[in-house]
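Encoded as structure tokens, the structure appears first; notes follow it.
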Protein chains: 2
Amino acid sequence: MIAHKVLFLVLDGISDRPCEALNGLTPLAAARTPVLDRIAAEGVCGIMDSIGPGIRPGSDTSHLSLLGYPPQEYYTGRGPLEAEGTGIHMTAGMIGFRCNFATVDANGLITDRRAGRISGTEPLAEAIREGVDLSALGLAFRFESGAGHRAALALVGEGLGDKVSSNDPKNEGVRPPAVQPCTDDPADKKTADACNEFIRQSAEILFDHPANVRRVEEGLPPGNLLLIRGAGKMGAFPQFPERYGLSGSVISAATLISGIGKVVGLEHIPVPGTTGSTNSDLDAKVRAAIAELGRKDFVLMNIKGADEAGHDGKGIQKRDFIEVIDKALEPLLDLEDTLLVVCADHSTPCAIKDHSADPVPIVIRGPGVRVDRTVRFDEVSCAEGGLHRIRGCDLMPIALDLINKSHKYGA
Amino acid sequence: MIAHKVLFLVLDGISDRPCEALNGLTPLAAARTPVLDRIAAEGVCGIMDSIGPGIRPGSDTSHLSLLGYPPQEYYTGRGPLEAEGTGIHMTAGMIGFRCNFATVDANGLITDRRAGRISGTEPLAEAIREGVDLSALGLAFRFESGAGHRAALALVGEGLGDKVSSNDPKNEGVRPPAVQPCTDDPADKKTADACNEFIRQSAEILFDHPANVRRVEEGLPPGNLLLIRGAGKMGAFPQFPERYGLSGSVISAATLISGIGKVVGLEHIPVPGTTGSTNSDLDAKVRAAIAELGRKDFVLMNIKGADEAGHDGKGIQKRDFIEVIDKALEPLLDLEDTLLVVCADHSTPCAIKDHSADPVPIVIRGPGVRVDRTVRFDEVSCAEGGLHRIRGCDLMPIALDLINKSHKYGA
């Protein structure tokens, strides 16, 4: 029997190092995970370097790698991926940025880099789209509000570079610096000029926007300045369906991940109630993934909460949320005709509160898989499995081969 | 907890193949090694191809690889590294050579390629430095005596090539050939001419040097000719402290290894009583390493005697010396705040009396490491460990990540 469908379940940052708070176990090893363990027992396990041994991945570079787009070749910064995830359709040559709504005081000093974690900024975004005009620079732009204080910007036009600095000083109580070109290339100067003009015009619009006036009256910091960063030039991505012969969807509350899915040609399936945090409706997410597998050949689902606990350095909370995830995954045990791949995109050790290059556990379960003797889904147990140590970029070729969609090299 | 220091302990050539003299065990598997076994039990184990599977490494290329300088990119022959280790400060473009003091008879035939393993050659070296003059060729030179019959030469000037033959016939009873350019490149001809002139002038000086006259009177072979080989053009090495953000030292009695350390920017710490052989004062070496870890972030320590036994094909002697090494390592068990990496640079199987490409055992022990179930430090046991099979060039990235000094790729 050969499966016809593939589900990549990426448990974001679930992988860790031994935690003191857990008697030297990792959160995954300390957690009670009967569902993940059964998947491990029924599959072939291993460890995986998302990019390469010792290379500490971002979520963006690791997901690109897992999807078979080596970041060394395809990664051009977070901006274009975030912009795509926020709803801007990015095409090759556009310059994408991540933005924050921030607060500046009457003296031009930044008092809150996230404008009191403002939300509901769509009216502000609409005013910017209507009011800002870059045509004097020969350029157009796209601007979309995102979750909370977040937004995305894309510059559209000829001869734009992506080597520019940010106006985000990463500090409060200081004046935001101008965006500067990082090279002598006139393309970078053009982008920097456009950024500064966009920031200037948008600040004027935001300053006395009714929504901000209301916030001030309520004693809340207004979102009256945009901080923009992560400039990157959108590249050309060979589209997933043509490249692999598989239709596909991405299910992720994180705009960065849904953005990556969209740029490679996966359909983004929003799931109400999912948050990318530990309060996410995981049952809804798992139901959505199973439903998508009815319509599509390939689904990438990212579950993010464990990563958050890792970034916060909370080992016990991470362990507990892993148990919540495990319960939610139970319906996946009944998947038929599906190659199920469970892995992390990177480790997020509580001890360092950030991503690390430690390899992640992985299991592949489905028809045709050579089941090994591993019966536990954790970092040390999976390292004893039959997959040994693979790289993120090996994953798509292995999955394609297991569903008989690989191309013979030679005769 | 995260370690802040790194110790690379390279047990030179300790890795082997099954030995008939040891009932089919390797010397490492046959040896009683409670200290190494405890390190293995407390760490994560694996096997490592210093350069790549099936690539048979030299000590120089393997150490470059372990330090994160891929030899394919950085290796330009043994000469420049030996020259640096012998005390010549090599800068980019200089041509380095290894030299032997040898003995020729009145007919110009080589009677001893090592001049009776002459030692104390510094007066001879000084006479050469004072007497030889290459200015007619527009060149300067550096010459330093090394351990025993060894010495090093560097040519300094514009337009020098490194594709030249040696005047060492590798045989006795024959006349040394002239150094020849190996290509039509005038730069190689210039180097060959300089070598021949250097050999001619130095032979004149050595012939009636008082130290040699005395040796002849004592019935000892005089060091009256220099054999030079291993030509290589010194390259530009990005310096270790800037590259990795770590200060570092190298502890090795072998000039080749200390030379490699010095060219990449490690401080060479000489340790009295160490010889690079089985009579070395290993306790002093281990004490020196521990002291260096108090001053520096990174220490590379090479212990060489087991390699020598391998080259001699003496399995039992190799096993016994491994037990001596193991005892000397005991103080390392108390290292705190230190990531300890124990490995070999290459295998030196007694059966072939030379280096082989068999992967070497490796263990990484320290805070944050995912301890596996391996409890024995030998070739077969480590192959079952949680690191699986890595490459020499993976080692620095992995170590940097474990001490939280890696750079995130992406966001």
Subset of region B:366-394, residues part of a helix (DSSP H, G or I) and more than 8 Å from chain A (Cβ to nearest Cβ), comes to B:Glu379, B:Val380, B:Ser381, B:Cys382, B:Gly392, B:Cys393
Among (1) in contact (Cβ under 8 Å) with a residue 60 or more places away in the chain; (2) facing another protein chain (nearest Cβ under 8 Å); (3) more than 23 Å from the chain's Cα centre (by Cα) - the single one B:Lys405 does not satisfy: (2)
Go through region B:14-55 residue by residue and tally those that are more than 14 Å from chain A (Cβ to nearest Cβ) and either part of a strand (DSSP E or B) or in contact with a His (Cβ under 6 Å, 6 or more places away or on another chain) (or both). 5
Among the helices (runs of 4 or more DSSP H) contained in region B:245-362, which hold 2 or more residues that are of a type in the set (Asp, Glu) and under 21 Å from B:Gly148 (Cβ atoms)? B:305-311
Criterion first (under 22 Å from B:Gly245 (Cβ atoms), at pLDDT 95 or above and either within 11 Å of chain A (Cβ to nearest Cβ) or in contact with an Asp or Glu (Cβ under 9 Å, 6 or more places away or on another chain) (or both)) does B:Ser356 satisfy it? no
Does region A:30-75 hold any residues that are surrounded by 24 or more Cβ atoms within 10 Å (Cβ to Cβ) and among the acidic types (Asp, Glu), and which are they? A:Asp49, A:Asp60
So B:Ala106, is it in contact with a helix residue (DSSP H, G or I) (Cβ under 9 Å, 6 or more places away or on another chain), surrounded by fewer than 17 Cβ atoms within 10 Å (Cβ to Cβ) and aliphatic (A, V, I, L, M): no
Please find, within region B:1-59, the residue that is nearest to the chain's Cα centre (by Cα) out of those that are closer than 30 Å to B:Arg78 by Cα and polar (S, T, N, Q). B:Ser59
Specify the residue that is farthest from A:Gly386 (Cα to Cα); the eligible residues are those in region B:337-378 that are over 22 Å from the mean Cα position of the chain (by Cα) and of a type in the set (Asp, Glu). B:Asp337
Residue among A:Gly223, A:Gly173, A:Gly219 that is in contact with a His (Cβ under 9 Å, 6 or more places away or on another chain) and assigned to a loop (DSSP other than H, G, I, E, B): A:Gly223
What residue, of A:Ile290, A:Ile269, A:Ile316, is in the same structural domain as A:Ser65 (by TED's automatic domain parsing), under 15 Å from the mean Cα position of the chain (by Cα) and not hydroxyl-bearing (Ser, Thr, Tyr)? A:Ile269
Given (1) within 13 Å of chain B (Cβ to nearest Cβ); (2) in a loop (DSSP other than H, G, I, E, B); (3) not aromatic (Phe, Trp, Tyr), A:Ala106 misses just (1)
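The values are calculated or read from the model by the stated rules, or taken from the named source; none is laboratory data. Everything numeric here is computed off the predicted structure, so don't read it as measured data. Virtual Cβ from ideal backbone geometry, glycine too; neighbours counted across all protein chains shown.
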